[in-house]
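Below is one structure, written out as structure tokens; comments come after it.
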Amino acid sequence: MLALTFQPQPGRTVTVTRTPSGWIAHEETAGQRRHLVLARGTIRQDLLDDLRAAGLPDPLARQLVQGLAHDVDFQRELRPGDTFTILFERFRDAEGDLLREGRMLHAGFALSGRDLSLWRYDTEDGPDWFDDQGRSLRRAFLRTPLDGARVTSGFGMRAHPVLGYTRQHQGIDFAAPSGTPVLAASDGEVVQIGWLSGYGRVITLQHPEDRSTRYAHLSAFAPGLKLGDRVRQRR
């Protein structure tokens, strides 16, 4: 008898056996126990790094930051010294070895201006966050379209960084490492993509109600993205 056994992930074993009639696959899943884990931390500089430093797994930290982008202005509302508590699942086998991380269940933030108490719930459109009054955080436009980015300049009058003259700055500049994914602020259609003088690599999205958003100074474009494509919020 010829057989192959492998573990695609902890606690899950797949055995493929050759028989006279062909190959047969058999899967075994180890008994798992669900644990609730509480991660506590303090905002220092970068929310994503602070969440990970408090023990929240990276995929869950990124998921939370993207959810908060609908409702939290990371530049104006987050301050050093603000605190958070995150409740999430973790699954272990009978010996206590970690099998996998589960879902986030609750996120609490004590911000300088307000307190947030958020609950995760799976909807038909995917995971969503709701406050204590049952209101969804999902909004028409994201307030921060990058994961944990830092605002370097906002709307208002400012001196041109190269030419020196002062004029109205009609956008928000974010600082993030090269390659950081830029998220669509809302569902829309790509009406401009390419190189534009003064903006470098730029994408413009057209949204309902004659609204548009522009994303400039990009390091690259998403593979395959082209003029006329429709994109979803956070994609």
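A few notes on this one:
- If R0 is 25 Å, the Cβ-Cβ spacing of residue 87 and residue 180 corresponds to a FRET efficiency of close to 0.35.
- Projected label distance in nm at residue 27 and residue 220, using a 7 Å step from Cα toward the beta-carbon: 3.3 nm
- Of the trypsin sites (Lys or Arg not before Pro) in segment 84-121, the ones in a loop by DSSP (not H, G, I, E or B) with at most 11 other beta carbons within 10 Å are 114.
Readers should treat all values here as calculations from the given coordinates under stated rules, not as data from a laboratory. Nothing here was measured: the structure is a model prediction, and the numbers come from that model. FYI the Cβ positions are ideal-geometry reconstructions off the backbone, even for glycines, and counts take in every protein chain you see.
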